[in-house]
Amino acid sequence: MPSASPLPEDGARSLTLLYRGPLASCDYDCPYCPFAKRRDSPEQLRSDRAALERFTGWAAGRAGTGDTLSLLFTPWGEGLVRSWYRRALVELSRLPHVRRVAIQTNLSCRTGWLAEADLDTLALWVTFHPGQVTHERFLAKCQELDALGVRYSVGVVGQPEHLAEARRLRAELPEGVYLWVNAAEGLGYTDAEAAQWAAVDPHFGYSRHAHPSAGLPCRTGESVLSVDGDGTVRRCHFVRDVLGNLYDGSYRAQLLPRACPLPVCDCHIGYVHLETLPLYELFGAGVLERVPHG
């Protein structure tokens, strides 16, 4: 992995970075997915690979600066079917200043490569998509993770037609594996419907409704940042104001406590960082991979 020369320090920091490069291709075509999928050209894939290698080189280069990093990859498409994402996770997991490295994935990839990683650091945020993969095949993949000792959570989108599959999966996964449910975009839930989903995921209530956030304190912009393939730094994926660039260090002067400028926050990777919600207490060290504490 190439490394970058550390920039002059303005004080060591503990940073959580959500990285999303240009990758948009996915091997699934879920009808409820809010993100438009495309088939990436070879040139686009090369661009994504170069951007990811630049980012991982920067992360490796923070060794010795006093910074500690927690990294979550949130690609538009599926990253783990690409060798450069698998390699990046393995190499980043071995760096002593990286506390956690995790990725959102549909787990359609092979799993043997995970044995090369430091599994005290690497974790997976896995989503089950009924209709795209059979229950049996997906459960077998989870069992492979269990055999390897991989830390992971599993989730489903709370579409009504997924309820039976979610119940079955909850019954067959190990008790210690958290199965989360994301409220379907644009879908309201009656109290009775919400109770059915809460029986699968006791924390479904946090996803059921958007959270008022305007003017409320949020960790994003201070200790949590969003980074794109060009190194552009924003406070989160949902606020477009630019704080600077990762690679020239201009973002560091902008790391300040900030209130949320948006009226509501309705995505877990956003509202989990609201200081008015108890989700850091709920998830503890598992906040990136969505694994509750204890």
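Quick notes on this one:
- All positions within the stretch 89-112 that are polar (S, T, N, Q) and assigned to a loop (DSSP other than H, G, I, E, B): Asn106, Ser108, Thr111
- Taking the criterion of being surrounded by fewer than 15 Cβ atoms within 10 Å (Cβ to Cβ) and at pLDDT 95 or above, the only residue of the stretch 120-134 that qualifies is Asp120.
- Identity of the residue in the stretch 242-277, under 20 Å from Gln104 (Cα atoms) and hydrophobic (A, V, I, L, M, F, W, C), that ends up nearest to the chain's Cα centre (by Cα): Ile269
- Flag for Arg86 being without any contact (Cβ under 8 Å) to a residue 60 or more places away in the chain, part of a helix (DSSP H, G or I), surrounded by 17 or more Cβ atoms within 10 Å (Cβ to Cβ) and out of contact with any strand residue (DSSP E or B) (no Cβ under 6 Å at 6 or more places or on another chain): yes
- Among residues of the stretch 267-282 that are touching a residue at least 24 places away in the same chain (Cβ under 8 Å) and of a type in the set (Gly, Ala, Ser), none has a Cβ under 6 angstrom from a residue that is part of a loop (DSSP other than H, G, I, E, B) and buried (at least 21 other Cβ atoms within 10 Å of the Cβ) at a sequence gap of 6+ or on a separate chain.
- Scanning the stretch 72-83 for residues that are out of contact with any Cys (no Cβ under 6 Å at 6 or more places or on another chain), surrounded by fewer than 22 Cβ atoms within 10 Å (Cβ to Cβ) and in contact (Cβ under 8 Å) with a residue 24 or more places away in the chain, we see that the one that is nearest to Arg110 (Cα to Cα) is Arg82.
- Only residues that are over 21 Å from Thr232 (Cβ atoms), among the small types (Gly, Ala, Ser) and surrounded by 15 or more Cβ atoms within 10 Å (Cβ to Cβ) were counted in the stretch 37-62, giving 0.
- Just one of (1) assigned to a helix (DSSP H, G or I); (2) over 20 Å from the mean Cα position of the chain (by Cα) fails for Leu145. It is (2).
- Residue check for Tyr280: in a helix (DSSP H, G or I), among the aromatic types (Phe, Trp, Tyr) and under 16 Å from the mean Cα position of the chain (by Cα): yes
- Test: residue in the stretch 151-164 that is out of contact with any Pro (no Cβ under 7 Å at 6 or more places or on another chain), closer than 27 Å to Leu95 by Cβ and free of Cβ contacts under 8 Å to residues at least 40 places away in the same chain: yes
- From Leu274, Leu255, residue being touching a Leu at 6+ places or on another chain (Cβ under 9 Å) and over 30 Å from Gly158 (Cα atoms): Leu255
The values are calculated or read from the model by the stated rules, or taken from the named source; none is laboratory data. Just so we're clear, the structure is a prediction, and the values are computed from it rather than from any experiment. FYI the Cβ positions are ideal-geometry reconstructions off the backbone, even for glycines, and counts take in every protein chain you see.
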